[in-house]
Structure formats: C-alpha cells, structure tokens
1. Hey, what's the Cα Rg ratio for region 35-144 versus the globular rule of thumb, 2.2 N^0.38 Å?
2. Set the Förster distance to 30 Å, then compute FRET efficiency between residue 43 and residue 112 from the Cβ-Cβ distance, nearest 0.05.
3. How long is the gain from residue 131 to residue 51 if the chain were fully straight, where each residue apart is worth 0.36 nm and the alpha carbon distance is subtracted?
4. Mind putting a number on the dipole of region 85-144 about its Cα centre? Charges go on the C-beta only, +1 for Lys and Arg and -1 for Asp and Glu, and I need it in Debye to the nearest 20.
5. Which entries in 60/146; 60/131; 87/107; 50/113 show an alpha-carbon gap greater than 25 Å?
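Please treat every number below as a calculation from the coordinates, not as lab data. Since the model is a prediction, treat every value here as computed from it, not as a measurement. Positions of Cβ are backbone-derived with ideal geometry, glycine not excepted, and every protein chain shown enters the neighbour counts.
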Amino acid sequence: CSEPETVQKAAIDKKDLVVADAVPKPILPEVALIPESLIIHFAFDKSEFKSDAETDRYFKESTAFLDQNLQARLSITGHTDAVGSDKYNLALGYRRAQSTLRYFESKGMPAAKIVIESKGEKESADDNNTKAGRANNRRTVITINK
C-alpha cells in the first residue's frame, strides 16, 4: 500500500468526451388534466348552438383526457328555464344535449365516450323569476366523469 504506483496518462481528444446534456433523457408522455366543466347557453326555446373558440378548446382538452383515461366519459346534461310544461322542458333539455353531442361527434369523438341526459327545469342554476335568471338556466353542462 505504501509503494508508489505509476499511472500512464493518455492524451484525451475532446471529440471523445461525453457531455451530460448530450445523454438523451427519457421522454415521458404529458399527462392530460381533467378540464373544468363547460356551460353552453341557449336562446329561448332553441336547441342549436354554434361552436366557438371555447368549445373547440374544451374539445381538445377533453379528448386528450379521455384518450388517457379509458373508463372516463364525457357527460352532457341539458337544462331549461321554467317556462313551459315539465314534459316539454325535459324534451327540450334532451334536444340541447343531443345538439351538443353532435358537435363532439362531428369533431371525431366516439359516441361510446359520451353520455347525455336532460334535467329539464329540475336543476335551476339561477332564479326563474327574472329574465336574466331564465337565460342562465337555458344551458347544457359538459363534464367528465371518471
């Protein structure tokens, strides 16, 4: 142990050096976050809507999440204000949900990933005694169920 050792040094060529940043890092897929609920409002007694930047953004985010979470489903619930009979409003809420469903299907989302229902006027978001409140109640709510 106390004897000196002779070590031979060789010239190092810089092209033979490996820099830490040159080592490839494993590529991990980006984890998609569950998007917040989206609410789409409708005109009085109407069930058609036109997509906009917000619905397009929601489509992209929800598709990314559903692709990574095979058991998750997109849930679309139609709602109405309290004007009209319960039976009529239940049907109108369903037409609103169907209209929204058609948008998602037209963009490429499989129908098997989407569940629709109507609550009619049963789950108001606002006061049905004011014009503004009734307008807030005419909606579809889109969420993701895990």
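1. Expressed relative to 2.2 N^0.38 Å, the Cα Rg reads 1.05.
2. It comes out at approximately 0.50.
3. 26.4 nm is the gain from fully extending residue 131 to residue 51.
4. Approximately 220 debye in magnitude.
5. 60/131; 87/107
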